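S.K.: Structure below; questions to follow.
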Amino acid sequence: MKPFSLTKPSDLEAAIKAHAEEPEAQFIGGGTNLLDLMKYGVMEPKSLVDLQDLGFQEIEQRSDGGLSLGAGVTNAETAHHPKVKSKYPLLAQAILSGASPQLRNMATNGGNLMQRTRCYYFYDCATACNKRQPGSGCAALKGYNRIHAILGASDQCIATHPSDMCVALAALDAVVRVKGPEGEREIPLEEFHRLPGEHPEKDTVLTDSELILSIELPSSRYSQHCHYLKVRDRESYAFALVSVAAALHLEEGRIVDSRVALGGVAHKPWRARAVEDFLRDKDCDRGLFLQAGKLAVRDAKGYGHNDFKLELAPRAIAEALLQAWKGTNS
Amino acid sequence: MTNSSLNKISLTVNGETVTEEIPPWVTLLDFLRERLHQYGTKKGCDHGQCGACTVLVDGKRVNSCLVLAARLEGKEVTTVEGLSTNGELHPMQAAFIEHDAFQCGYCTPGQICSAVALVEEGAATSRDEIREWMSGNLCRCGAYNNIVDAVSEVLDNKEGAKV
């Protein structure tokens, strides 16, 4: 790693100020992705602003029956929290399908949202990457793009967002509470991450020196019939080729409403609203789920090595919905 | 490097208090090996992918290659060197020997620290679950079957139930 300074502010205002005063500063939560990227020279901050003493390390009940997940709570603590397990099993499943026990013990909820793509070319400083170095090109477009996006990509970048947790959060209508020099605001999770467009170097809509305080979960009707399906190259400890967070609100087998979000297919967690609209007021059925899955990839595009995702994604959606219908939420 | 870039930290490593001035970029792994000369914790990938550097911080398993030592003020670190008591091996260490749960041994300190935490966490109750909850520790020799045997035995003895 290149030398950097470390500041340890004791309150929020001091943290935002410390970050704002140093143009090449980064906040550090668990550090599991940031330090990895710094070791590869992909990110080279001049200073790190340590968030560990700022609080935001609680999971609290909200007055509307939802939960507030502190940004500093670890992924492991979140997944094992009794209320997360009972009310939001989809989220617990998604978190536990990601990384390893060691990494989940370190990684924070805020950091999970801020993690960068695992595109090989982003990580390899010898290759062109518009996300790492704007204007240098995208080596993945005509390169080995097996793990890359099929939805919402641009000719500047076809990277995917790597998080499992965020896919479940998108399905659960989570809201991200952030604070910066201009004050506090709330951003729906679905709008928190960007599509690459002309600026793939920007992963999120956060502005300078804004940091995440908490993730707010509204009360949910999706604790009974939900399933997180993750398809990957090995059984465990690998990023998703395609993942699906599926949840059904059922009344006597009829779908009152549903939530379907995809991972591994886009630059952001991909909410499949066309699927949700199609399923509304219909009776659960395998054929229906197969039909629904296809709607998610109507506008999808493969780049060669990842063409298989065009077939895999709709099938994974159908399978996740089937499991959700059965109530297989573990 | 100027003095202002040094961070003074005080933490305990295997029960002993250590106070040092270190630059912020020193990882816990390098701190243990290069400053404290405790070579039990191994450097494998140095990127949080292999688990060879697994240690316990405040009882929780972490990849020491991705932890900045300067952020560990007041923390308790336990490495493989700190698992035995009064010269007696930790039951997990004894089980690894009993079941021949290694070949070259390089991943073993990380495997053992991870397995000790796995038993404490209590999430794994079957052989399949042991495999899942040990997935952050890779073994290039492929001693996985024997590693699962060793972890199962310690779990059995703790739970009094057959895994």
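S.K.: Are any of the residues in segment B:77-91 of a type in the set (D, E, K, R) and within 16 Å of the chain's Cα centre (by Cα)?
M.R.: Looking through segment B:77-91, at least one residue is of a type in the set (D, E, K, R) and within 16 Å of the chain's Cα centre (by Cα).
S.K.: Looking for something out of contact with any Phe, Trp or Tyr (no Cβ under 6 Å at 6 or more places or on another chain), among the small types (Gly, Ala, Ser), outside any loop (DSSP other than H, G, I, E, B) and surrounded by fewer than 18 Cβ atoms within 10 Å (Cβ to Cβ) - is there at least one such residue anywhere in segment B:86-98?
M.R.: yes
S.K.: State all residues of segment B:1-12 that are touching a residue at least 12 places away in the same chain (Cβ under 8 Å), within 12 Å of chain A (Cβ to nearest Cβ) and among the small types (Gly, Ala, Ser); if no residue qualifies, say none.
M.R.: B:Ser5
S.K.: Something else now. Would you point out the residue of segment A:233-246, among those that are in contact with a strand residue (DSSP E or B) (Cβ under 8 Å, 6 or more places away or on another chain) and in a loop (DSSP other than H, G, I, E, B), that is farthest from B:Cys139 (Cα to Cα)?
M.R.: Looking at the filtered set, the residue picked out is A:Leu241.
S.K.: Among residues belonging to segment A:67-92 that are surrounded by 22 or more Cβ atoms within 10 Å (Cβ to Cβ) and polar (S, T, N, Q), point out the one that is nearest to the chain's Cα centre (by Cα).
M.R.: Residue satisfying both the conditions and the ranking: A:Asn75.
S.K.: Let me ask something else. Could you list, in sequence order, the residues of segment B:13-66 that are at the interface with chain A (Cβ under 8 Å from one of its Cβ atoms), in contact with a Gly (Cβ under 9 Å, 6 or more places away or on another chain) and among the polar types (S, T, N, Q)?
M.R.: Across segment B:13-66, the qualifying residues are B:Thr54, B:Asn63.
S.K.: Going through segment B:128-146 one residue at a time, which ones are outside any loop (DSSP other than H, G, I, E, B) and within 20 Å of B:Asn63 (Cα to Cα)?
M.R.: B:Ile130, B:Arg131, B:Glu132, B:Trp133, B:Tyr144
S.K.: Could you say whether any residue in segment A:167-186 is buried (at least 24 other Cβ atoms within 10 Å of the Cβ) and in contact with a Gly (Cβ under 7 Å, 6 or more places away or on another chain)?
M.R.: Yes, segment A:167-186 contains at least one residue that is buried (at least 24 other Cβ atoms within 10 Å of the Cβ) and in contact with a Gly (Cβ under 7 Å, 6 or more places away or on another chain).
S.K.: In segment B:110-133, which residues are crowded, with 20+ Cβ neighbours inside 10 Å and more than 23 Å from A:Glu235 (Cβ to Cβ)?
M.R.: The one that is crowded, with 20+ Cβ neighbours inside 10 Å and more than 23 Å from A:Glu235 (Cβ to Cβ): B:Val116.
S.K.: For segment A:147-195, enumerate the residues that are among the charged types (D, E, K, R), in contact with a helix residue (DSSP H, G or I) (Cβ under 7 Å, 6 or more places away or on another chain) and either on the phi > 0 side of the Ramachandran plot or assigned to a strand (DSSP E or B) (or both).
M.R.: Answer for segment A:147-195, where residues must be among the charged types (D, E, K, R), in contact with a helix residue (DSSP H, G or I) (Cβ under 7 Å, 6 or more places away or on another chain) and either on the phi > 0 side of the Ramachandran plot or assigned to a strand (DSSP E or B) (or both): just A:Lys179.
S.K.: Here's something else I'd like to know. When A:Asp203 is evaluated against the numbered criteria (1) farther than 23 Å from A:Thr108 by Cβ; (2) in contact with a strand residue (DSSP E or B) (Cβ under 8 Å, 6 or more places away or on another chain); (3) of a type outside the set (Gly, Ala, Ser), which criterion, by number, is the only one it fails?
M.R.: (1)
S.K.: B:Asp149 passes all but one of (1) modelled with pLDDT of 95 or more; (2) away from chain A (no Cβ under 12 Å); (3) in a loop (DSSP other than H, G, I, E, B); which number fails?
M.R.: Here B:Asp149 meets the rest and fails (3).
S.K.: Scan segment B:119-133 residue by residue and report those that are in contact with a helix residue (DSSP H, G or I) (Cβ under 7 Å, 6 or more places away or on another chain) and either more than 7 Å from every other protein chain (Cβ to nearest Cβ) or touching a residue at least 60 places away in the same chain (Cβ under 8 Å) (or both).
M.R.: B:Val119, B:Ala123, B:Ala124, B:Arg127, B:Ile130, B:Arg131
S.K.: Is it true that A:Asn130 is polar (S, T, N, Q), closer than 23 Å to A:Glu44 by Cα and either outside the structural domain of A:Ala20 (by TED's automatic domain parsing) or buried (at least 24 other Cβ atoms within 10 Å of the Cβ) (or both)?
M.R.: The answer is yes for A:Asn130.
S.K.: Taking the stated definitions as given, is B:Lys75 surrounded by fewer than 19 Cβ atoms within 10 Å (Cβ to Cβ), within 11 Å of chain A (Cβ to nearest Cβ), in contact with a strand residue (DSSP E or B) (Cβ under 6 Å, 6 or more places away or on another chain) and not aromatic (Phe, Trp, Tyr)?
M.R.: yes
S.K.: Out of (1) outside the structural domain of B:Ala143 (by TED's automatic domain parsing); (2) in contact with a Cys (Cβ under 7 Å, 6 or more places away or on another chain); (3) crowded, with 23+ Cβ neighbours inside 10 Å, what's the single condition that is false for B:Cys107?
M.R.: (1)
S.K.: Restricting attention to segment A:18-32, report how many residues are more than 14 Å from chain B (Cβ to nearest Cβ) and touching a residue at least 24 places away in the same chain (Cβ under 8 Å).
M.R.: Qualifying residue count, segment A:18-32: 2.
S.K.: Give segment A:199-221 a look and list any residue that's in a loop (DSSP other than H, G, I, E, B) and buried (at least 24 other Cβ atoms within 10 Å of the Cβ), or say none.
M.R.: Of everything in segment A:199-221, just one residue is in a loop (DSSP other than H, G, I, E, B) and buried (at least 24 other Cβ atoms within 10 Å of the Cβ), namely A:Pro200.
S.K.: Let me ask something additional. Mind listing whichever residues of segment B:104-163 are out of contact with any His (no Cβ under 8 Å at 6 or more places or on another chain), among the small types (Gly, Ala, Ser) and closer than 16 Å to B:Gly51 by Cβ?
M.R.: Answer for segment B:104-163, where residues must be out of contact with any His (no Cβ under 8 Å at 6 or more places or on another chain), among the small types (Gly, Ala, Ser) and closer than 16 Å to B:Gly51 by Cβ: B:Gly105, B:Gly110, B:Ser114, B:Ala115, B:Ala117, B:Ala124, B:Ser135, B:Gly136, B:Gly142, B:Ala143.
S.K.: Consider B:Gln38 against the criteria (1) at pLDDT below 95; (2) over 14 Å from B:Leu72 (Cβ atoms); (3) among the polar types (S, T, N, Q): it satisfies all of them except one. Which criterion is unmet?
M.R.: Single failed check for B:Gln38: (1).
S.K.: Filter segment A:265-291 down to the residues that are assigned to a loop (DSSP other than H, G, I, E, B) and in contact with a Lys or Arg (Cβ under 8 Å, 6 or more places away or on another chain), then identify the one that is nearest to A:Lys131 (Cα to Cα).
M.R.: Applying the filter and picking the extreme gives A:His267.
The values are calculated or read from the model by the stated rules, or taken from the named source; none is laboratory data. Since the model is a prediction, treat every value here as computed from it, not as a measurement. With ideal geometry, Cβ positions are generated from the backbone for all residues, glycine too; neighbour counts draw on all protein chains shown.
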